[in-house]
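Taken together, the values in this text are just the output of simple stated rules run on the coordinates, not laboratory data. Because the structure is predicted, anything quoted here is derived from the model rather than measured. Cβ placement follows ideal geometry from the backbone for every residue including glycine, while neighbour counts extend to all protein chains displayed.
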């Protein structure tokens with residue numbers, strides 16, 4: 001049994017689906033609420049879900065985490081407060097939640113002797129690097145409360161590995177995109193605005209920032225591959241090709257065949273000193289550790305997301321109305 005935290009989320013649902021396709025039994029830790037707790041897990045084929053167990057709970061409570069780990073041999077920890085923009089409004093909550101959830105996962109694994117943990121970090125920990133491509137040796141520089149929370153949890157994971165001899169791996173996929181992603185994220189937000197008949201323009205923040213976009217199915221394979229490592233490792237997972245947001249918009253227009261005016265909105269721009277100008281990593285360094293590279297070309301992934309949004313426009317509009 002493999003435990004996935006944040007399983008109902010964007011990346012978590014794809015990791016869960018990939019493991020189920022491999023014949024693994026998966027326990028999906030989902031945050032308990034009065035609303036639909038399964039989230040994106042509902043998109044997984046019903047036949048595959050026969051090997052899926054849903055565990056509603058709250059990662060902020062150690063006793064619940066321990067209960068969720070009964071008969072578990074490995075953990076992929078994805079759950080986190082992930083929004084950089086939200087972290088400006090709720091810095092204290094973001095940091096406390098991300099650190100405490102990860103601390104509970106690590107402590108429960110230590111208590112129960114679970115010795116295969118993949119903790120999922122973020123490329124945001126590097127901030128704007130002085131030199132590209134980013135390598136594992138690149139100094140970390142938190143430029144947002146979210147990034148600070150991930151730097152802290154990176155070091156917490158490292159400390160448990162070194163202090164207790166635990167097989168903990170830090171997986172750091174760069175900017176993941178794909179089907180099921182919330183329109184709070186930049187790529188689905190751009191595509192949604194282009195495809196929605198209700199939207200006359202495309203509203204966006206900075207268009208000059210550059211990101212290294214990794215397609216979600218490649219990220220899922222990477223996180224599962226990390227389970228195979230038998231000792232502490234820290235691994236980045238980039239494509240090595242950054243795209244500016246301006247380039248993304250132009251490719252999205254080409255993909256959809258729709259051209260709309262682009263309007264820069266001040267409220268969508270990060271505070272000046274907090275903006276990360278570029279994120280892109282060293283693919284060869286990654287390959288030397290895990291013999292894996294992203295396979296999906298950015299434009300192919302973009303077409304897949306556009307089709308997903310077209311086919312799910314009704315529910316996506318509902319999500320937008322709730323934002």
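The table that follows gives values for the structure above.
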{"read-out": "Angle in degrees between helix 216-226 and the longest Cα principal axis of the chain, rounded to the nearest 10", "value": "20 degrees"}
{"read-out": "Spin-label model distance (nm) - residue 58 vs residue 96, 7 Å beyond Cα toward Cβ", "value": "1.2 nm"}
{"read-out": "Segment 1-54: equivalent-ellipsoid semi-axes (sqrt of 5 x gyration tensor eigenvalues, Cα, Å)", "value": "17, 11, 10"}
{"read-out": "Helix 91-112 axis, angle to the chain major axis (alpha carbon atoms, nearest 10°)", "value": "30 degrees"}
{"read-out": "q = 0.30 Å⁻¹, segment 212-268: log10 I(q)/I(0) [Debye, one scatterer per Cα]", "value": "-1.20"}
{"read-out": "Gyration tensor (Cα) of segment 169-226, equivalent ellipsoid semi-axes in angstrom", "value": "27, 14, 7"}
{"read-out": "Span from the segment 1-75 Cα centroid across to the segment 153-203 one, whole angstrom", "value": "18 Å"}
{"read-out": "Relative contact order (percent, whole number), segment 166-323, Cα cutoff 8 Å, 6+ residue spacing", "value": "36 percent"}
{"read-out": "Convex hull volume per residue in cubic angstrom - Cα atoms of segment 77-183", "value": "115 Å³"}
{"read-out": "Cα centroid separation, segment 206-233 to segment 124-142 (Å)", "value": "16 Å"}
{"read-out": "Gyration tensor verdict on segment 83-144 (Cα atoms; rounded if a/c is under 1.5, prolate if a/b is larger than b/c, oblate otherwise)", "value": "oblate"}
{"read-out": "Enclosed volume per residue, in Å³, of the convex hull spanned by Cα atoms of the chain", "value": "130 Å³"}
{"read-out": "Directionally averaged shadow of segment 1-97, computed from the convex hull of its alpha-carbon atoms, nm²", "value": "6.6 nm²"}
{"read-out": "On Cα atoms only, tilt of 313-322 relative to the major axis of the chain in degrees", "value": "80 degrees"}
{"read-out": "Neighbour-count order for 94, 296, fewest beta carbons within 10 angstrom listed first", "value": "296, 94"}
{"read-out": "Rounded to 5, percent antiparallel among DSSP beta bridges of the chain", "value": "5 percent"}
{"read-out": "Förster radius 25 Å - calculated FRET efficiency between residue 42 and residue 317, Cβ distance, rounded to 0.05", "value": "0.90"}
{"read-out": "Å³ per residue enclosed by the Cα convex hull of segment 224-323", "value": "183 Å³"}
